[in-house]
Amino acid sequence: MKLSRSLALLLGFVALTGCDKDAVQISSITAPIKGARVKFFNFGINAPQLNFYAGNTKVTAISSTTGVESTVGVAYGAVAAGNNYTMLPPGATTFSGRISATVDNNLPIATIPATLEDGKAYSVYLTGFYNTMTKQADGFVVVDNFPDTLDYSQALVRFVNASPNALAMQLTLREPVAGTEIQVGGAVAFKAAGAFVGVPTGSYDLTTRNSGSTAAAITRTAVSFLPGRVYTITARGDMTLPITGTAVNRPFLDNSLNR
């Protein structure tokens with residue numbers, strides 16, 4: 001009898017403990033997400049691999065299975081965290097890109113001040129020409145002000161200019177079969193972002209042109225936009241190089257999914 005009573009009490013304690021644990025989990029899952037969403041790009045021409053920091057807190061890194069911090073970071077032309085946003089607390093901060101290699105480890109090559117607002121999304125671009133003597137580059141932040149509601153009748157596309165020696169450029173989408181063209185906003189200067197524009201879903205050939213010019217500055221073919229998705233097309237690279245070929249630093253139009 002005593003054994004039965006003790007077993008019943010033990011089972012009751014386990015059940016209550018399980019309920020408490022579930023309650024905490026459900027509360028944390030269903031609670032509103034607080035903070036700002038931030039995406040990080042290494043588009044600094046000739047820049048080394050790096051980690052991004054907010055203040056003195058590392059917010060991007062390559063995972064390590066050895067317990068030793070990896071010396072591999074975000075390479076040129078890449079987006080941190082697998083092109084995903086990182087949740088960060090709102091408020092004033094200073095982003096920096098810091099060298100991940102053993103030589104000059106943690107040396108900041110660019111500092112980028114920003115003020116983050118709760119619930120908003122941002123993109124941080126390390127850009128400019130990396131100076132191997134001063135070990136400095138450049139950077140900027142733009143707000144990713146796409147709507148919270150999804151519209152499955154179209155895709156949203158915007159243009160960001162992250163090429164340090166580019167003139168103000170305008171992005172045009174060309175439907176290759178019908179030949180119809182869609183201009184994505186107006187001309188966008190270096191370190192600036194255009195507005196998100198609704199476009200019919202499908203595959204397009206992309207062209208940027210300098211303001212007032214009909215000649216192609218950068219091209220990219222067969223880029224698909226899916227319904228209900230949000231995209232940023234970013235110009236990067238050295239505009240003095242040919243737009244064709246395989247040079248790493250050639251002018252290029254990066255396609256990044258925001259949502």
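Against the criterion of being part of a strand (DSSP E or B), touching a residue at least 60 places away in the same chain (Cβ under 8 Å), on the phi > 0 side of the Ramachandran plot and not assigned by TED's automatic domain parsing to the domain that holds MET239, GLY119 does not qualify.
Yes/no matrix, rows are residues, columns are (1) at pLDDT 95 or above; (2) within 30 Å of PRO108 (Cβ to Cβ); (3) out of contact with any Cys (no Cβ under 6 Å at 6 or more places or on another chain); (4) surrounded by fewer than 21 Cβ atoms within 10 Å (Cβ to Cβ):
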residue: THR149; (1), (2), (3), (4): no, no, yes, yes
residue: ALA162; (1), (2), (3), (4): yes, yes, yes, no
residue: ALA166; (1), (2), (3), (4): yes, yes, yes, no
residue: GLN183; (1), (2), (3), (4): yes, no, yes, yes
residue: LYS191; (1), (2), (3), (4): yes, yes, yes, yes
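Suppose the filter is exposed (fewer than 14 other Cβ atoms within 10 Å of the Cβ) and within 21 Å of the chain's Cα centre (by Cα); does SER213 pass it? Spelling it out, it is not the case that SER213 is exposed (fewer than 14 other Cβ atoms within 10 Å of the Cβ) and within 21 Å of the chain's Cα centre (by Cα). Restrict the check to the stretch 198-206 and report whether at least one residue is assigned to a loop (DSSP other than H, G, I, E, B), polar (S, T, N, Q) and under 19 Å from PHE146 (Cα atoms). Yes - at least one qualifying residue is present in the stretch 198-206. In the stretch 72-93, the residues that are under 8 Å from LYS39 (Cβ atoms) form Cβ pairs under 6 Å with partners that are surrounded by 14 or more Cβ atoms within 10 Å (Cβ to Cβ) and among the charged types (D, E, K, R), at six or more places apart or across chains, as follows: TYR85/ARG37; TYR85/LYS39. Considering the stretch 39-73, and only residues there that are of a type in the set (Val, Ile, Thr) and farther than 22 Å from PRO89 by Cα, the residue that is surrounded by the most Cβ atoms within 10 Å (Cβ to Cβ) turns out to be ILE45. Can THR221 be described as among the hydroxyl-bearing types (Ser, Thr, Tyr), in a strand (DSSP E or B), surrounded by 15 or more Cβ atoms within 10 Å (Cβ to Cβ) and out of contact with any His (no Cβ under 9 Å at 6 or more places or on another chain)? When the stated conditions are applied, THR221 does not pass them.
The values are calculated or read from the model by the stated rules, or taken from the named source; none is laboratory data. Bear in mind that the values here come from a model prediction, so they are computed numbers and not experimental data. Because the Cβ atoms are built from the backbone with ideal geometry, glycine has one as well, and the counts that use them run over all protein chains shown.
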